[in-house]
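So the structure is just underneath, and the comments pick up after that.
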Amino acid sequence: MSQSLKVQWTDALCTGNKAIDNQHKYLIDIINDLAHVIETGQAAQSMKKIVNLLQYYTEWHFCKEEDCMNRLKCPAAGRNKEAHAQFIATFLAFRAELEGGGDSNEIATRMYKTLVAWLVQHIQGIDANLAHVSGEGGLPAAATPVPEAAPTPSVPPPPQPAPAPAAAEVPPPPVKQDTEPVVEKKKWWQIGR
């Protein structure tokens, strides 16, 4: 695999939501780390760390993205959630194959190609729908204009707080553990839901 095959961020991958775009950029960085270990022949030594980070970050990002789409009432929210579930199943199959002792470099190469194809197609096909419901930073797009015949209220309405801009959320890196974490029914970011 050559350096030129690594994923490059372009405006074609922008969703119209800065927080989601920043998360996608970080996800691409992790995928490019996978490309690097394949190129350098270090897949066997590095795959466990990269796969752990990919799973942690992808699940966290999917949760944030689904919440964003639901909050903004994005019409693609249902398709997005289904696509995420299918992707997680594919990813876990790759993980099981690696843990089963398969050829790390061959599995890493297939995983990389699958991740890149899926991510680019998903961002451009489903996540791009965020551009229709959010403005820069994830704020709602331009408000619906008030009809010309709207009555003038006799008392001015109370001032509305300005919506807070969406922060560019990137979670802290996971804590290195010597053993695999115990998977519980709820993920850590779902506690309190």
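The values are calculated or read from the model by the stated rules, or taken from the named source; none is laboratory data. Everything quoted here is computed from the prediction, not taken from an experiment. We place every Cβ from the backbone using ideal geometry, glycine too, and count neighbours over all the protein chains shown.
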> Is at least one residue of region 152-164 within 25 Å of the chain's Cα centre (by Cα), within 30 Å of Asp11 (Cα to Cα) and modelled with pLDDT under 60?
Replying inline: yes
**Study point:** Any hit, region 14-37, residues being surrounded by 14 or more Cβ atoms within 10 Å (Cβ to Cβ), outside any loop (DSSP other than H, G, I, E, B), modelled with pLDDT of 95 or more and of a type in the set (Asp, Glu)
**Key:** no
Within region 73-108, residues touching a residue at least 40 places away in the same chain (Cβ under 8 Å), assigned to a helix (DSSP H, G or I) and more than 19 Å from Asn52 (Cβ to Cβ) come out as Arg79, Asn80, Ala83
Scanning region 125-139 residue by residue, those surrounded by fewer than 20 Cβ atoms within 10 Å (Cβ to Cβ) and either modelled with pLDDT of 80 or more or aromatic (Phe, Trp, Tyr) (or both) turn out to be Gly125, Ala128, Asn129, Ala131, His132
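From Asn80, Asn70, grab the single residue that is of a type outside the set (Phe, Trp, Tyr), surrounded by 17 or more Cβ atoms within 10 Å (Cβ to Cβ) and under 16 Å from Ile126 (Cα atoms).
Asn80
Going by what's in this entry, would Glu59 be described as assigned to a helix (DSSP H, G or I), more than 16 Å from the chain's Cα centre (by Cα), surrounded by fewer than 18 Cβ atoms within 10 Å (Cβ to Cβ) and acidic (Asp, Glu)?
no
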